[in-house]
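A quick write-up on the structure given underneath.
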Amino acid sequence: MWLLLSVLSCSPNTQQPNVILIVTDDQGYGDLACHGNPYIKTPNIDKLHGQSVRFTDFHVDPTCAPTRAALITGKYAHHVGVWHTVSGGNHLRASEVTMADVFKSAGYRTGLFGKWHLGSNYPYRPMDRGFDEWLGQGDGGTGTTDDWFDNDRVNDYYWHNGEREQRNGFAPDVFYEAAIDFVNKTNEKDKPFFLYLPTYLPHHPHTLPDKSWANNENSEVSNYVSYFFAGIERIDWNIGRLREALEKSGQSKNTILIFMSDNGGTAGVKLFNAGMRGHKGQVYDGGHRVPFFVHWPKGALSQNKDVKDLTSHIDVLPTLIDLCKLKLENEIDFDGRSFKQQLFNPELALSERTLFVETQRNYKPESWENTVGMTNEWRLVDDKELYNMSNDPAQTQNAIDAHPDIVKKIRESHEDYWTKVTPGDRDRPRFIIGHPDDPETFLTPSDWYLPNVPWNHAQVAKGSPQVGSWQVTISKKGMYRFEVRRWPREADTEIQGVPVFKKNVDAWDANGGIDKLIYGNTITPMPIETITLEVNGFSKTIEVNPEDKRIIFDIPLNPGNTEVKGTMFNSEGKALAGTYYVYVNLL
């Protein structure tokens with residue numbers, strides 16, 4: 001589907017609707033009381049459900065970053081270079097137009113409060129992709145390698161437009177408070193706003209600032225799942241707070257409010273999964289069918305009605321362009337399409353099409369691996385299993401032998417899909433070093449192009465033996481300083497030593513208080529005697545002294561593409577690991 005994008009678009013005025021897009025993390029279709037879950041209380045989301053057009057066959061990708069990429073581009077994740085949550089496969093291709101770009105070009109204020117997961121350095125950060133303001137933690141989550149070392153979601157440090165700052169409170173409360181401040185800004189009331197609110201919750205680890213929040217009254221709910229449900233219930237509370245702020249500011253009627261999740265269920269699926277098979281990471285419906293509600297009082301959308309035809313995340317941007325009447329002039333080849341008409345007339349049938357969902361965390365994509373082809377009635381899973389969703393929604397009866405015509409049709413559609421999405425699909429991202437919009441580039445191992453990379457601080461603390469590299473572009477000629485560390489700066493620890501934690505315990509999960517790292521407490525010293533850095537033909541080895549917390553390499557570089565690789569060695573010259581944390585500045 002082709003639409004046009006303008007850099008001028010329509011003039012901002014009070015008639016343009018605001019847009020708020022709420023995306024929860026790892027909350028399945030069944031993790032809501034309004035969808036029949038008897039173990040959880042979600043009164044504010046239930047209220048929104050009753051006031052909205054609900055899309056009951058709405059699909060995303062089975063994991064985080066691919067869903068986010070497809071959602072904000074209107075294209076399949078595979079089509080825009082996002083195929084993983086780490087290893088560089090989570091970086092949205094720099095040339096793609098985002099939802100924020102579209103709204104900003106139309107005169108909207110744009111803000112993102114929460115999880116981005118589409119790139120951590122220039123030109124992949126939210127500020128580089130159309131957002132006026134971003135407040136978040138690690139690109140992929142709290143505790144990931146670009147996050148503050150000992151964050152645990154309570155009284156943490158945050159990235160705010162590229163700078164670190166500490167904020168008190170529970171992370172989802174902090175994000176919603178910032179969102180409410182964004183809504184209430186008075187100096188720009190003449191502009192509508194686009195607000196993207198993707199919380200890091202209820203993704204594990206399930207930490208809370210108050211253990212009593214996890215006191216679930218139902219004996220069937222384990223302590224672990226109680227913490228998971230408590231995170232959802234806190235988001236629900238914050239949604240109520242946000243809607244109250246919209247009402248008080250007089251903006252509720254002219255705000256399009258969308259609620260959805262980023263993939264199928266996780267911790268709660270064994271208790272209740274709305275009759276579906278599968279969970280996050282799988283291509284059965286339980287892995288990618290999610291709630292999707294749209295509410296806009298002034299727009300006179302239908303309320304308390306369902307759209308039952310097949311829709312997906314790639315349809316959201318084309319629909320918002322259509323619904324907000326944004327004028328466009330540069331062509332965008334969307335994979336999705338608008339469902340604007342169904343917002344007013346939910347019974348109106350959408351034309352038949354075949355959609356695809358896949359999860360391929362491999363370095364050479366394979367046709368039909370971990371893939372489902374979907375129509376309104378059918379699911380072809382891995383080109384081996386066929387399910388009729390009209391009479392087998394639990395996907396228990398493989399009917400592939402009985403319907404060769406259906407299989408043939410979906411296979412033919414997949415050939416077209418595969419031809420479209422695979423060109424350049426494993427191109428590695430390149431961070432631009434020395435650019436004035438990003439004075440310091442922070443290289444961490446989650447972006448190494450390797451299997452099983454250490455993507456969180458706890459894995460690094462254990463001493464992961466992986467050795468990887470980063471693809472970069474040097475923006476201008478000059479002397480570049482590479483500050484190499486075994487521990488991040490804020491840990492303030494010798495390369496050969498281990499951090500001393502002096503935390504006041506203010507966060508708890510099902511195992512107790514978090515007194516070290518959110519993903520684990522195993523801290524391993526490494527006998528690092530030398531560090532070697534290789535950049536664009538430069539190679540130098542420096543001895544590590546017991547008191548050293550960092551090793552500095554100053555390297556003259558010319559503009560162009562190159563690779564950065566650091567390795568830490570023991571006294572026998574054995575490579576122990578790659579350099580986990582590297583800070584790069586143009587001197």
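The values are calculated or read from the model by the stated rules, or taken from the named source; none is laboratory data. Computed from a prediction, not measured in an experiment: that's the story for all the values here. Quick reminder, even Gly has a Cβ in these numbers, built from the backbone with ideal geometry, and neighbours come from all protein chains shown. These area figures cover heavy atoms from the full protein model, side chains too; ligands, DNA and RNA do not enter into them. Shrake-Rupley method; radii C 1.70, N 1.55, O 1.52, S 1.80 Å.
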**Q.** Whole-percent carbon and sulfur share, accessible surface of the chain, 1.4 Å
**A.** 47 percent
Q) In segment 288-428, if every C-alpha pair distance is counted and binned at 10 Å from zero, what percent goes to each bin? A) 10, 34, 33, 20, 4, 0
Q.
Helix-only mean residue ellipticity at 222 nm, the chain, DSSP H runs n ≥ 4 weighted -39,500 (n - 2.57), per residue, nearest 500. What is it?
A. -5000 deg cm²/dmol
Q: Mark the label point 7 Å from the Cα of Cys34 along Cα→Cβ and return the residues of segment 238-259 whose backbone N is within less than 20 Å of it.
A: 238-248, 251-259
(Q) Quick check: residue separation of Leu348 and Lys298 times 0.36 nm, minus the Cα distance between them. What number comes out in nm? (A) 15.9 nm
Q. Any idea what log10 I(q)/I(0) is at q = 0.09 Å⁻¹ for the chain, Debye with uniform C-alpha scatterers and no solvent?
A. -0.70
(Q) Just to check, using Stokes-Einstein with a Kirkwood Rh over alpha carbon pairs, what's the diffusion coefficient of segment 254-320 at 37 °C and 0.692 mPa s in µm²/s? (A) 242 µm²/s
Q: Output the relative contact order of segment 431-586, whole-number percent, from Cα pairs under 8 angstrom with separation of 6+ residues.
A: 38 percent
(Q) Among the listed pairs Lys477/Lys549; Lys41/Lys305; Lys462/Lys516, which have their C-alpha atoms separated by more than 18 angstrom in this model? (A) Lys477/Lys549; Lys41/Lys305
Q) What dipole magnitude, in Debye to the nearest 20, does segment 431-586 give about its Cα centre under +1 on Lys/Arg Cβ and -1 on Asp/Glu Cβ? A) 120 debye
Q) Which whole-angstrom value gives the distance between the alpha carbon centres of segment 282-300 and segment 379-453? A) 20 Å
Q) Based only on the alpha carbon positions, what is the Kirkwood hydrodynamic radius of segment 431-586, in angstrom? A) 16.4 Å
Q) How large is the accessible surface per residue of the chain, computed with a 1.4 Å probe and reported in Å² as a whole number? A) 38 Å²
(Q) If packing is taken as the average count of other Cβ atoms within 10 Å, what order do 267-280, 447-460, 487-500 fall into, highest mean first? (A) 447-460, 267-280, 487-500
(Q) Per 0.36 nm of contour for each residue apart, how much would the distance between Thr524 and Asp392 grow if the chain were fully extended, relative to their Cα-Cα spacing? (A) 42.5 nm
(Q) Taking 0.36 nm per residue of sequence separation and subtracting the Cα-Cα distance, how much length would be gained by fully extending the chain between Arg481 and Asn218, in nm to one decimal? (A) 89.0 nm
**Q.** Size of charge dipole - the chain - debye, nearest 20, with Cβ of Lys, Arg +1 and Asp, Glu -1, no other charges
**A.** 700 debye
Q) How high is the FRET efficiency from Glu415 to Lys270, r the C-beta distance, R0 25 Å, rounded to 0.05? A) 0.10
Q. What is the helix-to-structure angle for 64-73, meaning the angle in degrees between its Cα long axis and the longest Cα principal axis of the chain, kept from 0 to 90 and rounded to the nearest 10?
A. 60 degrees
Q | In nm, spacing of pseudo-spin labels at Lys325 and Asn362 (7 Å Cα→C-beta vector) | A | 5.0 nm
Q: Using DSSP, restrict attention to beta bridges with both residues in segment 431-586 and report what percent are antiparallel, rounded to the nearest 5.
A: 95 percent
Q.
What does DSSP give for the chain in terms of the percent of beta bridges that are antiparallel, rounded to the nearest 5?
A. 75 percent
Q: Can you figure out the FRET efficiency of Ala399 with Phe538, using R₀ = 60 Å and their beta-carbon distance, to the nearest 0.05?
A: 0.50
